[in-house]
Structures are given as C-alpha cells and as structure tokens.
Amino acid sequence: MMTETEGISTPEDVDLESTEEPLAHEPAVRTTKPWWRRGSIWIVGVAVIAAGVAGIWLLSDSESSTTTDTVATLKFAEVQRTTLEDVTTLDGTLGFVAGDPLIYAGSPNGIVTIAAGAPGTITSLSDEGATVEEGEILYARDEQPVIVFYGDIPAYRTLNSRTADGADVLQLEEALTRLGYDEDGEFDLDGDFTYSTQEAIKALQEDLGIDETGALQFGSYVFVKGPVFVGETLVEIGSSVNPGTPVIATSTVPGGTVTAVASEGDILDHGDTLFVVEGDPVTLFVTDVPFYRTLDVDSIGDDVRVLEEALTSFGFDAGGALVVDDVFDEATTDALAAWQASIGAPVDGVLNIGEIMVTEDPIRIAASHISIGSNVAQGTPIYTPSTSTSVVSVRLPAEDQELIVAGDSVTVVMPNGDDEPASVTTVGNIAIRSQEFGTYFEVEITLDRQGAATGLDEAPVDVDVIDDRVENILVVPVTALLALAEGGYAVQVDSGDGQTRLIAVEAGMYADGSVEVTSSELEAGMKVIVP
C-alpha cells in the first residue's frame with residue numbers, strides 16, 4: 001500500500017519530510033546573469049535531465065528499500081557541498097591592437113607651412129635652417145615685416161585701437177608681456193586693446209626699426225605655436241604672393257636609402273632605433289611633445305626639456321652638468337653629442353629635423369612598409385604599428401549576443417593550457433555577416449597579466465565565460481536523480497545499516513554532469529546511488 005508524502009508516492013516505511021522545511025546548512029550564494037543574458041540555460045538543463053534519467057528508474061509502485069546483499073553490489077557517489085558553474089567556451093585569437101600607419105615626417109603633422117596673409121611682393125626671407133623666435137621677423141612683403149608671436153588662435157584681422165575685444169588680443173598682450181613690453185605692469189590681460197597695448201606695439205616696432213604705428217595690420221604678423229624652424233623657403237625674393245600662398249615650410253626631413261630597418265614583431269620603446277637612412281639612425285621618442293624643429297644652443301621649449309630628460313635617462317648628463325629644464329645650453333650640447341656618438345649619428349651637438357620621431361606609446365611593428373635598399377622621404381609610410389598590449393579577439397555568434405558585455409570577467413585558456421584572468425574590453429554593436437563565420441559581433445578581451453602572452457601572436461585560445469554560478473550548494477551526479485511517476489525527483493541514499501532509502505529533492509542548476517539538489521534531509525558526505 002502506498003501513502004502520499006509531499007506529493008511523492010513512496011512506500012509506507014519511508015518517511016519523507018517535507019522539502020519545504022528550512023535547510024540545515026547555509027543558504028546558497030547564487031551569481032546568475034539576468035535571464036536575457038543566460039540564453040537557453042534552463043532549456044539545456046531540462047535536456048540534460050531527460051538524457052540523465054532516460055536509463056534510470058521511473059518510480060511508481062516499486063519498493064523503497066534495498067537489502068544488504070543488494071546494497072553491496074550498488075555504485076555510490078558522495079553528496080558534495082561546492083560551487084557549480086555553467087561555462088560557455090568561445091574560440092579566440094591572441095594578438096595585438098593595430099594602430100595607424102607611422103609616417104616619416106619632420107613633425108607629427110608632416111610639413112607645416114606658413115602662408116601669406118595679404119597680397120604683395122616678397123622683399124626678404126629668413127634663411128633656410130634658421131629658427132625665428134617670438135618678436136622676430138619671419139619675412140617681409142612689400143618691405144613690411146611679418147612678425148612672429150606665439151599663440152594657438154591664428155591671425156585673422158587687423159589689431160588696433162578700434163579692434164573689438166577678443167582672445168587674439170589677449171594672445172598679443174601675453175606675447176608683448178613675455179617680450180618685456182609691459183614693464184609698468186599696465187596690461188590687464190583681458191583681451192581689451194587699450195592705450196597700453198598700442199604703446200607696447202610701438203615700442204616693439206621701434207626696436208625692429210619699422211614704422212611706429214601702434215597697430216598690426218592683417219598679414220603683418222603671425223601666431224604660431226612656438227619657434228619657427230625655416231626648413232624650406234617656398235618662394236623667392238621678388239615673387240608675388242596672394243593670401244594663402246605658402247611662403248615657408250617649418251619642418252623638413254632628410255631622405256635617402258634605408259640601410260637598416262626594424263623587424264616585424266619587434267617592440268620599440270623610448271630611445272630605440274626605428275630605422276637607418278644612409279647610416280643616420282632615426283630614433284623613437286615616446287612622448288606627447290612634438291619634435292618639429294632643429295634644436296641647438298639657445299633653443300627654449302618643452303621639446304628641449306623632453307630631450308634633456310631623455311639624455312639623462314640614457315646616461316648622458318655631461319658629467320653631471322646637464323640641468324633638465326627648457327633651455328638648450330652648452331651642457332645640453334655636450335650630452336647630445338655624446339649620445340649621438342653612441343648610436344652612430346652625426347656628432348654635431350644639434351638635434352636636426354628627422355633624427356627623432358614621436359609616438360605617445362611604445363609600438364610593436366605589426367607590418368613594415370620599408371626594407372633595406374628602399375627610399376624614404378617626407379610622407380613615406382614606415383610601419384603599421386600595434387600597441388604592446390596583448391588582446392584576444394572573439395567572433396561572438398549573433399545568437400549569443402547577450403552572453404557577455406564590456407567589463408565582464410572571463411578566463412582565457414592559453415595554448416599551454418594555463419588559465420589567465422581577463423576582462424572584456426569592447427563588444428561590437430554592429431553585426432558582421434560572412435560566409436565562413438555566419439553572423440557575429442566582434443569582441444575584444446584584454447589579459448589581466450600582460451606578461452602571460454610574451455612571445456605569442458595570432459595564437460588560438462579558448463575563452464571561458466561563466467553564464468551562471470551558484471556557491472555553497474549540495475550537488476549530486478545528474479544520473480543520481482530518480483524521476484517519480486507523480487512528478488518531481490528523489491535520490492536513493494545509503495542508510496548506513498545495509499539499507500537504502502529515498503529522499504525527495506528539488507533540482508536546481510545543472511552543469512558539468514552535476515545537479516544542484518535541495519532537501520532538509522540531505523547532507524554533504526551522504527552517498528547516493530548512481531547507475
């Protein structure tokens with residue numbers, strides 16, 4: 001005769017306590033992604049159950065106990081308290097982040113030109129190779145000099161007592177102050193062209209030997225970011241110019257035959273040689289300060305400071321005389337000459353245009369566009385660099401789009417089998433379709449420990465993504481579950497007296513052939529029958 005206990009049909013001698021009673025152990029800690037990111041995990045779980053119980057007992061009116069002789073022949077598995085994870089594995093490729101092509105140039109923006117601001121005839125020009133500082137004359141048009149001032153806003157109008165307030169007036173007042181034409185401190189530096197501004201301009205004009213008008217006509221001055229290195233004059237004295245006609249190129253680079261080149265895959269850092277042109281090395285500086293001009297004695301600026309910092313770090317400090325500041329002095333010359341000798345550069349104590357190229361980060365040579373014997377000139381693509389950061393690229397199938405998001409932690413299984421923690425950096429939002437891979441989204445993953453990828457490039461790896469996780473739970477093999485005729489599940493446990501008994505359980509998460517089970521009667525260490 002059968003009795004009903006909590007909806008499970010059992011023999012009379014098996015006392016099944018209600019599974020709704022409080023558990024005797026600590027509650028499970030469940031870390032589960034939202035249902036819309038877990039996809040079909042529960043559908044998969046049901047499928048596993050169906051497969052697992054297909055070959056085990058369907059209990060209806062069978063006996064609930066097993067004799068001592070029968071128990072001795074059964075197979076048991078231990079109930080464990082553990083963490084259960086559902087993991088999805090994706091294919092990935094370990095590589096590097098490609099960057100923009102590196103162009104051989106005298107400045108980060110290539111050749112920079114200064115154009116005429118007004119029509120006329122060129123009557124004088126600065127010499128090629130000269131450096132024109134603030135307050136000096138760059139060239140003359142119709143015998144009217146063009147004066148250099150420093151500032152980010154370009155010249156675009158005449159500046160005089162009738163000029164409206166503006167940022168360009170403020171730039172002019174700041175320049176005149178730097179040049180020493182506000183000895184009385186009368187400038188308010190407010191962008192208002194005042195009597196004091198006019199008198200300061202007159203004083204400058206007097207020092208330059210030109211008409212003292214107290215005004216700057218449009219085309220008679222330029223605002224530039226720093227000292228102007230006259231790399232090349234683009235017109236001749238006597239040439240007619242119009243507004244916009246290029247007059248002076250502020251940077252230039254030597255050209256010629258490549259005699260040495262870095263290899264693809266090389267990682268180049270601050271002070272490393274990029275390539276060699278006819279025996280002259282071109283050196284990489286890792287900085288955000290541009291090297292756009294020739295640097296020699298009396299040069300002043302941030303580029304001088306960065307050069308002196310580099311020389312000191314390379315071990316060339318002129319016997320301790322080199323002071324890291326923004327002034328190129330004799331000690332700078334000595335330190336620079338010593339460094340040039342060490343790398344095989346022309347030893348002249350002058351840093352010429354083209355000796356230094358700048359990037360903001362160390363680079364890895366992903367592809368080389370030059371080779372020994374090829375020619376380089378201004379504008380020649382040198383390398384396509386990549387950063388030295390190792391990343392894993394994954395093609396995420398469109399149907400798994402919600403599996404991961406940027407910021408998720410994942411595990412990368414390296415080619416040698418090691419597990420490396422990593423983080424999802426970006427997840428593309430544009431679906432890519434291809435005949436080979438179907439529809440997918442591009443995902444980029446960064447290793448937490450960059451050294452783990454040393455020596456690896458374009459290496460296949462696995463990416464393990466935890467889709468669901470439950471901690472501090474009881475688990476049994478999925479094959480230990482007994483499907484009951486009236487619905488629900490039970491496990492058959494060893495009573496320890498040569499008998500077995502049924503315990504009703506509630507099934508939870510499934511993963512790796514195990515299932516989470518909940519019951520007030522079940523404890524870790526118990527043994528359950530498995531087929």
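Details
- Only residues that are of a type in the set (Ser, Thr, Tyr) and over 33 Å from the mean Cα position of the chain (by Cα) were counted in segment 221-258, giving 6.
- Of all residues making up segment 225-245, the number that are at pLDDT 95 or above and either among the charged types (D, E, K, R) or under 20 Å from Gly379 (Cβ atoms) (or both): 1
- Residue among Val230, Val235, Val241, Val224 that alone is closer than 14 Å to Phe149 by Cβ, in contact (Cβ under 8 Å) with a residue 24 or more places away in the chain and in contact with a strand residue (DSSP E or B) (Cβ under 8 Å, 6 or more places away or on another chain): Val224
- Some residue of segment 299-311 being under 20 Å from Tyr104 (Cα atoms), in a helix (DSSP H, G or I) and not hydrophobic (A, V, I, L, M, F, W, C): yes
- Within segment 96-103, the presence of a residue that is farther than 30 Å from Gln450 by Cβ, part of a loop (DSSP other than H, G, I, E, B), in contact (Cβ under 8 Å) with a residue 24 or more places away in the chain and not polar (S, T, N, Q) is excluded.
- Looking only at residues of segment 480-505 that are assigned to a strand (DSSP E or B) and among the hydroxyl-bearing types (Ser, Thr, Tyr), we find that the one that is nearest to Thr73 (Cα to Cα) is Thr500.
- Residue within segment 252-274 that is among the β-branched types (Val, Ile, Thr), out of contact with any Gly (no Cβ under 9 Å at 6 or more places or on another chain) and more than 30 Å from Thr359 (Cβ to Cβ) present: no
- When Glu516 is tested against (1) crowded, with 19+ Cβ neighbours inside 10 Å; (2) assigned to a strand (DSSP E or B); (3) touching a helix residue (DSSP H, G or I) at 6+ places or on another chain (Cβ under 9 Å), exactly one condition is not met: (3).
- Screening segment 383-426 for residues that are assigned to a strand (DSSP E or B) and of a type in the set (Gly, Ala, Ser) and picking the one that is modelled with the lowest pLDDT gives Ser388.
- Scope segment 175-197; condition surrounded by fewer than 17 Cβ atoms within 10 Å (Cβ to Cβ) and assigned to a helix (DSSP H, G or I); matching residues: Thr177, Arg178, Tyr195
The values are calculated or read from the model by the stated rules, or taken from the named source; none is laboratory data. In this text the structure is predicted, and so the values were computed from the model without any measurement. Glycine also receives a Cβ, built like all others from the backbone with ideal geometry; neighbour counts cover every protein chain displayed.
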